[in-house]
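Enquirer: Take this structure, written in structure tokens, and hold onto it; I'll ask about it next.
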Amino acid sequence: MLIASLKRNTFFALSICFVLLFVLWIPSLFSLAEIPAGGTYRHIQAHSLWMGLLPDMKIWTYIAFIFTFISAATLLILNNRYLFHSTNDFLLPLLYVLFSSAIPATQWFSGIQAVTLLIFVGLHSLFASCQRLPGLSDLFIASFCFSLAPLCFPPALLLLLLLPVAIIILRTFAWRDWAVSFFGALTPHAYLLFYHWLAAKDIATAKETYPALLPEGLPESASGNIPLCLFFAGIVFLLFLSLTHTFSKASANKIRILRTRNIFIWMLLLVIAGVIFYPAYNYQAMPLLAVPLTVITANYLAQPGQRKIKIFCWILLWASVIYLHISEFL
């Protein structure tokens, strides 16, 4: 009965997702402190172009919560127009809420929530550029959003590599596509240099800004953190099933759908690379990593067959999320 209601009523599905998101965020929303414990915030603040300007106010946690819900709802819009995920589309916001908010340490405003919305706008424009050929204005907006994201959250820098991959996969080869993408990606940095010139009359001050966007440090080990290891083990298992199922179902009449999903597979690889090369940001990239995870795994979970395995996946995911929260707060 509940599943049938979720399939029929989008408002009801989003309401359930909002309630679930609220339950996962309760400790963060009602805690007294805005800044989390540990050195993660201090590192991000020191390497951010703008977080040091934000006052230490509780309202930023609420803004992060709202941005996360908007991102979950945006997945439905993206799906209806470009992803062709027609069955059980309520799984998209549900899985995004689960993946993005499973780790309590990510439930504060680190800039990644704003970056995720930027990436959604970029993906929307990227797919729209293929439906409204030549679509150069949409391609410019997509490039602009993907290039602006690292200025807000440095681990998103590697997502710039998604642009040439997407052009090769989704569009025909044309010099105008590459030229528009180049100028779109260059524009945010031109604005940044202009800001430095306007503020200090010398763009040399940007030399102190750009090194903060580059990778640094060695990967931190998550060994010994049993709840996190269980959670990521469940994700890896579900991801393996999803990818093998997707490839086994490949056929000529699904080529358009497969091309679109290949973009998210590349996005998954690039975000994982960002997590590896920016270990000091810990698990703050999880809301961004949740985007390709959601699209890839929802496709598998919505398909008929393998019912017992899927039930086991759901039990494993929910158990790991509950274990994470219990170990964090109790």
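The values are calculated or read from the model by the stated rules, or taken from the named source; none is laboratory data. Fair warning: this is a prediction, and the values are worked out from it, not measured in the lab. With ideal geometry, Cβ positions are generated from the backbone for all residues, glycine too; neighbour counts draw on all protein chains shown. Just the protein is used for accessible areas: all its heavy atoms, side chains included, with ligands, DNA and RNA removed. Shrake-Rupley method; radii C 1.70, N 1.55, O 1.52, S 1.80 Å.
Enquirer: Karplus couplings for the range 99-108 from phi (6.51 cos²θ - 1.76 cosθ + 1.60, θ = phi - 60°), rounded to Hz, Gly and Pro as x?
Expert: 6, 6, 10, 5, 8, x, 5, 9, 8, 7
Enquirer: For the range 108-197, give the percent of accessible area contributed by carbon and sulfur heavy atoms, probe 1.4 Å, rounded to a whole number.
Expert: 79
Enquirer: For Phe182 and Leu160 in one chain, what is 0.36 nm times their gap in residues minus the Cα-Cα distance, to one decimal in nm?
Expert: Using 0.36 nm per residue and subtracting the Cα-Cα distance, I get 6.9 nm.
Enquirer: Based on the Cβ-Cβ distance of Phe194 and Ser15, what FRET efficiency does E = 1/(1 + (r/R0)^6) give at R0 = 56 Å, to the nearest 0.05?
Expert: 0.80
Enquirer: So if R0 is 30 Å, what FRET efficiency would Arg132 and Gln303 give, r being the distance between their Cβ atoms, rounded to the nearest 0.05?
Expert: That gives a FRET efficiency of 0.50.
Enquirer: Using only the heavy atoms of the protein chains and a 1.4 Å probe, how would Thr244, Thr106, Thr187 rank by accessible area, largest first?
Expert: My answer, sorted largest first, is Thr244, Thr187, Thr106.
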